[in-house]
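Participant: Here it is, the structure, as C-alpha cells.
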Amino acid sequence: MVGTLITVAPTGAETAKRDAPALPVTLAELVSAARDCAAVGATVVHVHVRDDAGEPTLDLGRLRDTVQALRAETDLIVQLSTGGSVTDSEDDRLRVLDAAPDAASCSMGTVNFGSDVFLNRWDFIVELHRRMRERRIVPEYEIFDLGHLSALHRLLDKYGAPYGGHVHCDLVMGVPGGMPGTTAALVAAVAMLPAGATFSATGVGRSTLPVALAALSAGGHVRVGMEDTLIYAPGEAVQNNAQLVARAAALSRIALRPPMGVEEARTMLAISDQHSRIRSLT
Ligand code: KMH
Ligand code: ZN
C-alpha cells in the first residue's frame, strides 16, 4: 500500500509573529522547524518567507538563501509558494521560480480569501505553468474550489502535462470564500481530479483534522502546518509545526499508510534528483 506524503506549511503569509510566537519567520527558525518536522514524518516543505520585520516578502535573494539552507540542512523536497500574499504582484510571484526550488505551488483560480481576494487570472496561471516546465520545477496545483479543477483540466488539455509528467493537487479546504473543509466537498473534488493525479488535502482552521481524516480515507495525502491552522484542539493553541506533523503521521500509521520517505515522495511526484546533484556539486 502507498504511504502518506506529509507536507508541512510552516509559516504562510497571513499570520503575524506577535499572534503566534511559535511561527517560524526567520531563516534559522524555518530551518529548525523544517528539521523537526522531517524528524517526525514530513517530506515536503511548502515555503513562504518573511523579511526582517517578519512581514511576508517575495525577495528573490531571501528565497534563494532559503532554498539553499533547506537543501543544506534537510532532505525535504522544497516547494516555494508562488501564491505569496494577496497583495503580491504577478511579476513578483513569477520571479519566485528564479530561486530554482524542486517544486512550487500553482493556484488554479481566483477565490475570495476572507475579506480579501486571492487573484489568479487565467493568463497568469498559464504563464506559471509554462515557466515551471521550462525551469524543470514540479508544480503542485492548489485547488481552493471545485471550479479550479475545471481550470486544471483546461490547462492540461490546452498546454500539456507539467514537468515530470505527473499531476499532484493540494485541496485547500475551509478558506472563507472557498470550498468548505468537509468530507462531502473532498469527495466531490476527488471525483473531478484528472486521471492518474494524486492529491493532498489541507483543512484551514478547525477543519484541519476532519480534512486529514477524509483525505486519508480517500487514499490521499495530507498537508498540515501553522500556515493553515493555529488551533490544535478546542481551546488549545498549536505549540509548533512538528506537533501538527506528528499528529498527521500518527493518523497515517493508524490508516496503515505510514509517512513516505523522501525517495518514495520524489518518485511519486516525479521530482528528479537534479537539485540534489546541484547540491552535491556546490
Ligand atoms: N497566502 C495565500 C494568499 C500558495 O502558497 O500558493 C496564497 C497561498 C497559496 O498561500
Ligand atoms: Zn501557501
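What follows draws every value from the coordinates through simple rules; no lab data is involved. Worth saying up front: this structure is predicted, and the values here are computed from it rather than measured. Cβ: placed from backbone, ideal geometry, glycine included. Neighbour counts: every protein chain shown.
Participant: Go through (1) surrounded by 20 or more Cβ atoms within 10 Å (Cβ to Cβ); (2) among the hydrophobic types (A, V, I, L, M, F, W, C); (3) under 17 Å from residue 204 (Cβ atoms) one by one and return the number of the condition residue 47 breaks.
Facilitator: (3)
Participant: Among what's in the stretch 163-184 and is more than 15 Å from ligand 1 (Cβ to nearest atom) and assigned to a loop (DSSP other than H, G, I, E, B), pick the residue that is farthest from residue 82 (Cα to Cα).
Facilitator: Initial filter on the stretch 163-184 (more than 15 Å from ligand 1 (Cβ to nearest atom)): 163-167, 180-184.
The next check asks that each one be assigned to a loop (DSSP other than H, G, I, E, B); those that pass are 163-167, 180-182.
Values: 163: 16, 164: 19, 165: 20, 166: 19, 167: 17, 180: 23, 181: 23, 182: 26 Å.
Looking at residues that are more than 15 Å from ligand 1 (Cβ to nearest atom) and assigned to a loop (DSSP other than H, G, I, E, B), I get 182.
Participant: If only one of 41, 12 is in a loop (DSSP other than H, G, I, E, B), small (Gly, Ala, Ser) and away from ligand 2 (no atom under 16 Å from the Cβ), which one is it? Reasoning before the result, please.
Facilitator: Working: 12 fails: away from ligand 2 (no atom under 16 Å from the Cβ).
When all the criteria are applied, what remains is 41.
Participant: Still on this structure, I have one more. Restricting the stretch 215-226 to residues that are aliphatic (A, V, I, L, M) and outside any loop (DSSP other than H, G, I, E, B), which is farthest from ligand 1 (Cβ to nearest atom)? I'd like the intermediate steps shown before the answer.
Facilitator: Residues of the stretch 215-226 aliphatic (A, V, I, L, M): 215-216, 218, 222, 224, 226.
Retained after the next criterion (residues that are outside any loop (DSSP other than H, G, I, E, B)): 215-216, 222, 224.
Values: 215: 18, 216: 22, 222: 16, 224: 14 Å.
Step by step, filter the stretch 215-226, then rank; the result is 216.
Participant: A further question follows. Please determine, by comparing only the residues of the stretch 105-120 that are buried (at least 20 other Cβ atoms within 10 Å of the Cβ) and more than 8 Å from ligand 1 (Cβ to nearest atom), which one is nearest to residue 75 (Cα to Cα). Spell out how you get there, then give the answer.
Facilitator: Initial filter on the stretch 105-120 (buried (at least 20 other Cβ atoms within 10 Å of the Cβ)): 105-111, 118, 120.
Okay, now just the ones that are also more than 8 Å from ligand 1 (Cβ to nearest atom), so 108-111, 120.
Details: 108: 28, 109: 31, 110: 33, 111: 33, 120: 31 Å.
Per the stated criteria, the residue is 108.
Participant: If only one of 244, 256, 193 is out of contact with any strand residue (DSSP E or B) (no Cβ under 9 Å at 6 or more places or on another chain) and either buried (at least 16 other Cβ atoms within 10 Å of the Cβ) or not hydroxyl-bearing (Ser, Thr, Tyr) (or both), which one is it?
Facilitator: Numbers: 244 fails: out of contact with any strand residue (DSSP E or B) (no Cβ under 9 Å at 6 or more places or on another chain); 193 fails: out of contact with any strand residue (DSSP E or B) (no Cβ under 9 Å at 6 or more places or on another chain).
Unique residue meeting the criteria: 256.
Participant: Give the stretch 100-114 a look and list any residue that's touching a residue at least 40 places away in the same chain (Cβ under 8 Å), part of a loop (DSSP other than H, G, I, E, B) and within 22 Å of residue 87 (Cα to Cα), or say none.
Facilitator: 108, 109, 114
Participant: Also, I was wondering about something else. Here is a list: 195, 212. Which entry is part of a helix (DSSP H, G or I) and not hydroxyl-bearing (Ser, Thr, Tyr)?
Facilitator: On the way: 195 fails: part of a helix (DSSP H, G or I).
That would be 212, the only listed residue that is part of a helix (DSSP H, G or I) and not hydroxyl-bearing (Ser, Thr, Tyr).
Participant: Anything in the stretch 55-81 that is in contact with a helix residue (DSSP H, G or I) (Cβ under 8 Å, 6 or more places away or on another chain) and not in a helix (DSSP H, G or I)? List them, or say none.
Facilitator: Within the stretch 55-81, 58, 74, 75, 76, 77, 78, 80, 81 meet the criteria.
Participant: Right, here's the next one. Can we say residue 70 is surrounded by 14 or more Cβ atoms within 10 Å (Cβ to Cβ), more than 16 Å from ligand 2 (Cβ to nearest atom), more than 29 Å from residue 206 (Cβ to Cβ) and of a type in the set (A, V, I, L, M, F, W, C)?
Facilitator: On the way: surrounded by 14 or more Cβ atoms within 10 Å (Cβ to Cβ): yes; more than 16 Å from ligand 2 (Cβ to nearest atom): no; more than 29 Å from residue 206 (Cβ to Cβ): yes; of a type in the set (A, V, I, L, M, F, W, C): yes.
No, not satisfied.
Participant: Of the numbered conditions (1) part of a loop (DSSP other than H, G, I, E, B); (2) within 15 Å of ligand 1 (Cβ to nearest atom); (3) within 21 Å of residue 265 (Cβ to Cβ), residue 229 fails exactly one; give the number of that condition.
Facilitator: Only one criterion is unmet by residue 229, namely (3).
Participant: I'd like the full set of residues that are in a strand (DSSP E or B) and in contact with a Pro (Cβ under 8 Å, 6 or more places away or on another chain), limited to the stretch 115-139. Walk me through how you get there before you give the answer.
Facilitator: In the first step, residues of the stretch 115-139 are kept if they are in a strand (DSSP E or B); the result is 116-118, 138-139.
Result: 138, 139.
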